[in-house]
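Undergrad: Quick one: structure below, then a few questions.
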There are 2 protein chains.
Amino acid sequence: MRSHYCGQVDEILSGQEVSVAGWVHRRRDHGGVIFVDLRDREGLLQIVFDPDAREIFQDAERLRGEFCVRIRGLVRPRPPGTANAALASGQVEVLARELEILSRAETPPFHHDEAANEELRLKYRYLDLRREVMQKRLRLRHRVTRAMRDYLDEQGYIDIETPMLTKATPEGARDYLVPSRTHAGQFFALPQSPQLFKQLLMMSGFDRYYQIVRCFRDEDLRAERQPEFTQLDIETSFMSEEQIMQHMEALICSIFATVLGDELPAPFPRITYAEAMRRYGSDKPDLRIDLELVDVADLVRDCEFKVFAAPAANPQGRVAALRVPQGGVRMTRKEIDDCTAFVGRYGAKGLAYVKVNELAKGRDGLQSPILKFLSDAAIEGILTRAAAADGDLIFFGADTAKVVNDSLGALRIKLGHDLGMAQTGWRPLWVVDFPMFEWDADAKRWVALHHPFTAPRCEDAAELRADPANAISKGYDMVLNGSEIGGGSVRIHRPDMQSAVFDLLGIGPEEAQQKFGFLLEALKYGTPPHGGIAFGLDRIVMFMAGTDSIRDVIAFPKTQTAADLLTNAPTPVSEEQLKELYIRVRLPVKVG
Amino acid sequence: MRSHYCGQVDEILSGQEVSVAGWVHRRRDHGGVIFVDLRDREGLLQIVFDPDAREIFQDAERLRGEFCVRIRGLVRPRPPGTANAALASGQVEVLARELEILSRAETPPFHHDEAANEELRLKYRYLDLRREVMQKRLRLRHRVTRAMRDYLDEQGYIDIETPMLTKATPEGARDYLVPSRTHAGQFFALPQSPQLFKQLLMMSGFDRYYQIVRCFRDEDLRAERQPEFTQLDIETSFMSEEQIMQHMEALICSIFATVLGDELPAPFPRITYAEAMRRYGSDKPDLRIDLELVDVADLVRDCEFKVFAAPAANPQGRVAALRVPQGGVRMTRKEIDDCTAFVGRYGAKGLAYVKVNELAKGRDGLQSPILKFLSDAAIEGILTRAAAADGDLIFFGADTAKVVNDSLGALRIKLGHDLGMAQTGWRPLWVVDFPMFEWDADAKRWVALHHPFTAPRCEDAAELRADPANAISKGYDMVLNGSEIGGGSVRIHRPDMQSAVFDLLGIGPEEAQQKFGFLLEALKYGTPPHGGIAFGLDRIVMFMAGTDSIRDVIAFPKTQTAADLLTNAPTPVSEEQLKELYIRVRLPVKVG
């Protein structure tokens, strides 16, 4: 039906006849002539319908936006002065000799309109995807996965598919469940990740595995989450933490180079989890922003200001300062107040600050309601540690370490962007030396910071049991511009260590056997040292596409309530279907 | 940890030191020396432990089968006469200088033993996958998908992911359902295929789409089915049936050439559905077998033998003969009787036959209990039509067309193999011109032979409504050696035709709106002519691997009852989980 894509017709074809097919992007009637911009995935092409070709012209008069047509015609240069340099086909036009209307279109609910609201865009996703920017994004996604495969295939990684109907695993989120028809009352779970299967593949001796694989988490959805998402999942054997990280860094560098032509600043800096929290209040610091937190607890522990002194004396507390260069000059009183409201969302009960007007004047050169509570030594210590200069503003966080980190960490990002202090470009890094465990004060038990299969640094199970609080894991996260784009670890490959970790996590021998019996059994048969990583494909493509929503790089995404507005899923199902699956619905009881 | 894979150490490295890591495949103690065949994914390597290196030797004495170890040692030629030509590393051995036991192994439940029963192989899949043949199969699978992607990327196809949590679609099998937590009492379905999404992608203008994608069918499992399976899913716009078939044929030829170096006999022969049923009793004929069915109803319609005469006179009936060359000589009486039992499984109530001893003798040269019922003319007609020769055996099927086709079609395959009449090699073909509809006599309604989105040959909806029984679809199946490996069609791209097909299938306007409203809506906005195909990846790889079970080419397959013996899925889940999903279990009531 077609000899060329619209976007590929250019002056080289002048004088030749071509057949093209696509959509009426725009129609203009001008001087008795009909001009149609015909669109296909490769671009636009101007078609001219001359009134002298009466029959075709009559058909052309019926054309409306988004009609799908096939056209045969003569390529000719556009008249002087009418070329369009923005189009690959902009030097030429096609004089139509044959027109076939393949299918008509009603007036679309929106027309290539970036500003259409997202609900409408999702309901008519097939129209939204006709937009050039969306076509580019999904084609970029394909180039990214292609580049990943090329690199990994070249390096001897084997693409192996793992099951989707699998056993519930404890990855920290709710599972999507699938009732079984052949096993009454039992359920499969959709995988939160192929974690255990890829470990089993290492036990099988495949040595290097990858898969671009769909994963599922039934979470309360945040902006950057989808109930189903795609990860580049990788596992290797006989490699150290260091080797895996080098390998994975090279992979990501190669992809950015191949797809975007961008050189990432390698080697990526590495910072420990502890340092990341200390300096940035976050385990995924955005290095494009130069602001840093500094600890001042030791300076204010004995001051009269209880808001500072109490957390400073608490082992779980933190008192930190965030210097905003020239913040005292650049920020209005209202903007400063807004910051107080902002950190409130992260649990901070207030936001003390000191304005540095003129250092040379000592106390008198400073401006702050809290000055009176602080000794000269404390003030000087803070100013020195924060490296304060005239015109700066210093914010303080004083609370539990978690609240201080969350609130000042977020404030750091906000101010970096608001005050135009964020650098452009790519700032990747590795965060390493994560603690093995975090104490869950509510549940009164240890929880795994990565997952229960992550290996600790120490080789000895008894050593781990003796001091879980200080155990460091062989985990690593790759962070790009303030977002975790990949996370992984060396795994436990010995059954005694795996049992010890289950124990510490409060998974008793019986539960361990029931849930992970197959893993504990598999570990008995000569398991190689192994480790790996999982990259969030959606997020990586989102970054590369320069958009801020993963919904923009997924063909058919779901809404925040996990609904598909296009097909209208989920839906009720028939009683017979439920019966076959041995389940029944229990609707929530309406109160009142 | 490793400088080389075991299988890559060869005489070029003689005199050098290497580090290798892998599994103890075999250990032999011979003349005071310990020999270990070390295995990794690339092959075996002989390691020698000399008793003079006492410390290492002591460690080596602890080695058992499947221990995972790292070894550093000196590559040296094997002593004269001890080379092993079967191994890439067979000219050399490594004299161990360092041995690290990375992890121990208990005695495995089976040891590289092809004959282990499948249940055990599935339970200890990670051990089963250590076998060389399994490693090769899964690596072959990767090479196949790689070849598919290379070809399609080259041809401008775009790899686009479609949702897994989607709306129930009527693809002829049961859906796997996923209860929604955010929409009480509602369910997602796992896709039986991305059919409607790929059509929507054509409506979005992507023009050429592919995806290697997991699909789900909750069927009663047959040998070649898995609850989850993988297909190569393809869709294109602006191409005719003919162009799509040529394209897809070229794709498959390219894959067989790239991966196996095999040239498929192209162009693939094409036969119509009607001809396939007539000559082979099957819409997926195995062309490696030269036997064919011939119709003889017209010859026996008036005979006294009611078993023949009744189906011969019935428009739904069929009377056919299957000539087995030299069957009268080669088959024993017992073998012939076994055939009667065999066709019984397909519903045939008997299996009449005529033995052709000596044609020249006329009636007297034949041997059969049914001869007495047949006129000379009928006998002569049958012999001529079947092209009978001395020594042949002619079987008859007489029943409904379905029973005759099923039973003689299966008998044809069985005898072809049993009597060694099947050719070797690849015999692909296209089956085309499928009927649009089949009459379901039980349900008293038309059902779609492909799916409800398949376009009919006729362009006019009124024409289709007028004579659905004779409507031919634009569907096509690719068949290889008696198995359907791909199936597809040109799709309906106009809303009036789609509505007509829904109508004919008994899907009223309301139901159509509820189930396919989004499709009918999408068809209004300039839908391009489009079509595609889906190939069964598991089956294609199974063929290429030369095995007869798709479980052999799936890393973690399920059993016939849709269970995963390795992880023990499915499992019961907690009451809290069910509550959150607004469902409860109803177990079957035990009777008695």
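The numbers here are math on the coordinates, done by the rules we state, and not lab data. Quick caveat, the model's predicted, so the values are computed rather than measured. When we count neighbours, we look across all protein chains shown, and the Cβ atoms used for this are built from the backbone with ideal geometry, even at glycine.
Undergrad: So if we plug the beta-carbon distance of B:Glu580 and A:Val589 into 1/(1 + (r/R0)^6) with R0 = 22 Å, what FRET efficiency do we get, rounded to 0.05?
TA: Plugging the Cβ-Cβ distance into 1/(1 + (r/R0)^6) gives 0.90.
Undergrad: Next question, about the same structure. Could you work out how much longer the chain between B:Arg64 and B:Asp376 gets when fully extended? Use 0.36 nm per residue separation minus the Cα distance between them, nm to one decimal.
TA: 104.6 nm
Undergrad: Just counting partner chain Cβ atoms within 10 Å, what average do the residues of peptide B:97-104 show around their Cβ?
TA: Mean partner shielding for this stretch: 3.
Undergrad: Ranked from highest to lowest mean number of other Cβ atoms within 10 Å per residue, what is the order of the peptides A:39-51, B:93-105?
TA: Ranked from most to least packed, the peptides come out as A:39-51, B:93-105.
Undergrad: If each of A:Phe342 and B:Gln514 carries a label point 7 Å out from its Cα toward its Cβ, how far apart are those two points in nm?
TA: About 5.1 nm, to one decimal.
Undergrad: Turning to a different aspect of this structure: Using a 7 Å offset from the Cα along the Cα-to-Cβ direction at both A:His111 and A:Ala83, what is the distance between the two label points in nm, to one decimal?
TA: With each label placed 7 Å out from Cα toward Cβ, I get 2.9 nm.
Undergrad: Run down the aspartates and glutamates and flag those whose C-alpha is under 15 Å from the C-alpha of B:Lys579, throwing out any fewer than 8 positions away in its chain.
TA: Within reach: A:Asp175, A:Asp218.
Undergrad: If you don't mind, another one. Other chains near A:30-41: what is the mean number of their Cβ atoms within 10 Å of each residue's Cβ?
TA: The mean count of partner-chain Cβ atoms within 10 Å per residue comes to 1.
Undergrad: Please tell me which of these pairs span more than 21 angstrom C-alpha to C-alpha: A:Lys167/B:Lys558; A:Lys198/B:Lys123; B:Lys414/B:Lys474; B:Lys306/B:Lys361; B:Lys284/B:Lys402?
TA: B:Lys414/B:Lys474; B:Lys306/B:Lys361
Undergrad: Taking Rh as the Kirkwood radius computed over C-alpha pairs, what is the Stokes-Einstein D of the protein assembly as shown at 10 °C in a medium of viscosity 1.306 mPa s, expressed in µm² per second?
TA: 46 µm²/s
Undergrad: Further question on the same structure: Can you tell me the FRET efficiency between A:Val33 and B:Ser240 if r is taken as the Cβ-Cβ distance and R0 is 30 Å, rounded to the nearest 0.05?
TA: Using R0 = 30 Å, I get an efficiency of 0.40.
Undergrad: By how many degrees, 0 to 90 and rounded to 10, does the Cα axis of helix B:495-504 deviate from the longest principal axis of chain B?
TA: 70 degrees
Undergrad: For helix A:401-418, what angle does its Cα long axis make with the longest principal axis of chain A, in degrees from 0 to 90 and rounded to 10?
TA: It works out to around 40 degrees.
Undergrad: Based on the mean of other beta carbon atoms within 10 Å per residue, what is the order of A:154-167, B:4-17, B:327-340, most packed first?
TA: In descending order of packing, they fall as A:154-167, B:4-17, B:327-340.
Undergrad: What are the nm distances, shortest first, from A:Arg76 to its equivalents in the other copies, labels at 7 Å along Cα→Cβ?
TA: Here the equivalent label points are 8.7 nm apart from this one.
Undergrad: Can you list which of the trypsin sites (Lys or Arg not before Pro) found in region A:558-592 are DSSP loop residues with at most 13 other C-beta atoms within 10 Å?
TA: A:Lys590
Undergrad: If packing is taken as the mean number of other Cβ atoms within 10 Å per residue, what is the order of A:290-296, A:178-184, B:241-247, highest first?
TA: A:178-184, A:290-296, B:241-247
Undergrad: For chain A, what is the mean residue ellipticity at 222 nm derived from helices alone (per DSSP H run of n ≥ 4: -39500 (n - 2.57); sum divided by total residues; nearest 500 deg cm²/dmol)?
TA: -9000 deg cm²/dmol
Undergrad: For A:Glu119 and B:Asp496, what does the FRET efficiency come to when R0 = 45 Å and r is the distance between their Cβ atoms, rounded to the nearest 0.05?
TA: 0.95
Undergrad: With a point put 7 Å past each Cα toward its Cβ, work out how far B:Asp418 is from B:Ala443 in nm, to one decimal.
TA: Result: 3.6 nm between the two label points.
Undergrad: Suppose we keep just the alpha-carbon trace of chain B; what are its Rg and Dmax in angstrom?
TA: Taking only Cα atoms of chain B, I get Rg and Dmax of 30.3, 94 Å.
Undergrad: Distance from a point 7 Å along Cα→Cβ of B:Thr561 to each backbone N in region A:170-199: keep the residues under 20 Å and list them by number.
TA: A:178-189
Undergrad: Can you list the GluC sites (Glu not before Pro) in region B:408-468 that are in a DSSP coil and have 12 or fewer other beta carbons within 10 angstrom?
TA: Hits after loop and neighbour filter: B:Glu459.
Undergrad: Okay, next question. Relative to the first principal axis of the alpha-carbon coordinates of chain B, what is the inclination of helix B:132-154, with its axis defined by its Cα atoms, in degrees from 0 to 90 and to the nearest 10?
TA: Long axis of B:132-154 versus the principal axis of chain B: about 60 degrees.
Undergrad: What is the mean number of Cβ atoms from other protein chains located within 10 Å of the Cβ atom of each residue in peptide A:551-563, rounded to a whole number?
TA: Counting Cβ atoms of other protein chains within 10 Å of each residue's Cβ and averaging gives 4.
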